[in-house]
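Report on the structure given below.
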Amino acid sequence: MSKAGYGVGAQAEGKTEQVTDIGSGNKRIRTRYTCNPGYSPISDCFCVRFSPDDQYLATSFANGAINIYNAETGKQEFVLNSTPPGTDLSATPLPTTQLRWRPHNAQSKTKSVLISVNAEFDGQILHWHIKSGKCLHTITERGNQLFCLDYFSDGSQFATAGRDRLVRVYDEATKRLVQTLQGGDMKDTAGHSNRVFSLKYHPQDPNIILSGGWDNTVQIWDTRRGHSVRSLWNCYLCGDSADFSSDGTTILTGSWRTENALQTWDFGSGKVQETIEWQSASSKSTCMLFAAQFSKDAASSMILAGGSQENEAKFFVRQPGSKTAAFGALIQMPKPVFTVDWSASSKLAAVGGADGQVRVLEVV
């Protein structure tokens, strides 16, 4: 897994983790609770995801386990894919790299379905029914470690990507592979040339999928063409750090680098809209980003991002006509941040990382 080797030694020596307010705006953050599954040895948290109804918070770990918490209280409700303590390391599953909840819709009678992908040599896509703990369905992609997946907003299809640089689209009802996207038009786009770590459907158009990874590009795929139709250049993605705004007009990228790490792009033109200042008056530090996400309200009015080097997560507010500004941060964390997620209401946010704990914060 890419994240395990990066910057984990950059621990905040002798400093205590703290939640801090930034600027003089009216938004603030406060700690709600921390989820600690207590794995020994400590297992990195690779993904956090609130359920569509904000009832649950799903978290996935390097030891393959998926822990489900009550999103209101932080109490653990279910554990999936766990390995009994004392299991020989060679027999434990490889990391569960990403999770997505199946969107609630009229077609599916079963709620609380979670889909996960893992970094096994033959990567698996697993459908889980969280309340019974049962794995409902397994799809295997031979020879491909999987790092990311996403559902289209109506739950009718999902897509995966990982080590082999292709994007695969599946039908949710039949669980069949319906299309493999690869390459480009050989004029302006060539597809991916390295691992893919972030994947995102356009919020309204099931034909458009965004993906990014180690090759310094974000590819925009069109399923009607079967290949990449456009690319954004100079964005180095090492985690779940590409996103669409709720209206589909703006793309967010978080790059694993110290300069120009957090950027928004105009989806229509493919040009950078804004490079968001990470530094603030109170904090001169930069952060190399593993995770970045728009809030889920209609205006995508906030951004949450986090990463390594400074081991912090920062909250930003987007204001029409003015620069995007930080309003809060979780700083001096012991290890890097790998994953962030906003709740559907955008009132709560979860932050997970290399110390195996998940912090949930509230925007007030």
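A few points about this structure:
- Highest-fluctuation residue, GLN179, GLN124, GLN309 considered, GNM on the chain with Cα pairs under 10 Å: GLN179
- Distant-in-sequence amide H partners of GLY184 (H built 1.01 Å from N, under 5 Å): GLY191, SER228
- Size of the stretch 282-363 as Cα extents on the principal axes (Å, biggest first): 35, 28, 18
- LEU94, LEU126, ranked by accessible area, largest first (probe 1.4 Å): LEU94, LEU126
- Quotient of C-alpha Rg and 2.2 N^0.38 Å, computed over the stretch 97-238: 1.02
- The stretch 224-340 - percent of accessible surface contributed by carbon and sulfur, probe 1.4 Å: 51 percent
- Normalised by residue number, the volume inside the convex hull of the Cα atoms of the stretch 147-203 is 84 Å³ per residue.
- Gain on full extension, evaluated as 0.36 nm per residue between ASP154 and ASP185 minus their Cα-Cα distance, stands at 8.3 nm.
- Neighbourhood charge, 11 Å Cβ-Cβ cut-off, centred on HIS127 and excluding it, Lys, Arg +1 and Asp, Glu -1: +3
- Restricting the trypsin sites (Lys or Arg not before Pro) of the stretch 277-330 to loop positions (DSSP other than H, G, I, E, B) with no more than 12 neighbouring Cβ atoms within 10 Å leaves LYS284, LYS323.
- Within a Gaussian network of the chain (alpha carbon springs, distance under 10 Å), most fluctuating of CYS135, CYS235, CYS287: CYS135
- Computed over neighbours whose Cβ is under 12 Å from that of GLN204, the net charge equals -3, Lys and Arg +1, Asp and Glu -1.
- Rel. contact order, % - alpha carbon contacts under 8 angstrom, at least six apart, the chain: 18 percent
- Local electrostatic count, PHE316, Cβ distance below 12 Å [Lys/Arg +1, Asp/Glu -1]: +2
- Cross-link table LYS175/LYS347; LYS323/LYS347; LYS131/LYS314; LYS75/LYS284; LYS75/LYS175; LYS175/LYS200, entries beyond 28 Å C-alpha to C-alpha: LYS175/LYS347; LYS131/LYS314; LYS75/LYS284; LYS75/LYS175
- Gaussian network model of the chain, springs between alpha carbon atoms under 10 Å - residue of THR258, THR286, THR217 with greatest fluctuation: THR258
- Kirkwood hydrodynamic radius (C-alpha pairs) into Stokes-Einstein, the chain, 4 °C and 1.567 mPa s, D in µm²/s: 64 µm²/s
- Cleavage-rule hits, trypsin sites (Lys or Arg not before Pro), the stretch 147-202, DSSP coil, Cβ neighbours within 10 Å at most 15: LYS175, ARG176, LYS187
- Taking amide H as placed 1.01 Å from N in the peptide plane, the amide H of ASN118 sits under 5 Å from that of THR97, GLN124, LEU146, each at least 5 places away or on another chain.
- Accessible area per residue, Å², the chain with all protein chains present, probe 1.4 Å: 40 Å²
The values are calculated or read from the model by the stated rules, or taken from the named source; none is laboratory data. Keep in mind the model is a prediction, meaning the values are calculated, not measured. When we count neighbours, we look across all protein chains shown, and the Cβ atoms used for this are built from the backbone with ideal geometry, even at glycine. For accessibility, only protein heavy atoms count, side chains too; no ligands or nucleic acids. Shrake-Rupley method; radii C 1.70, N 1.55, O 1.52, S 1.80 Å.
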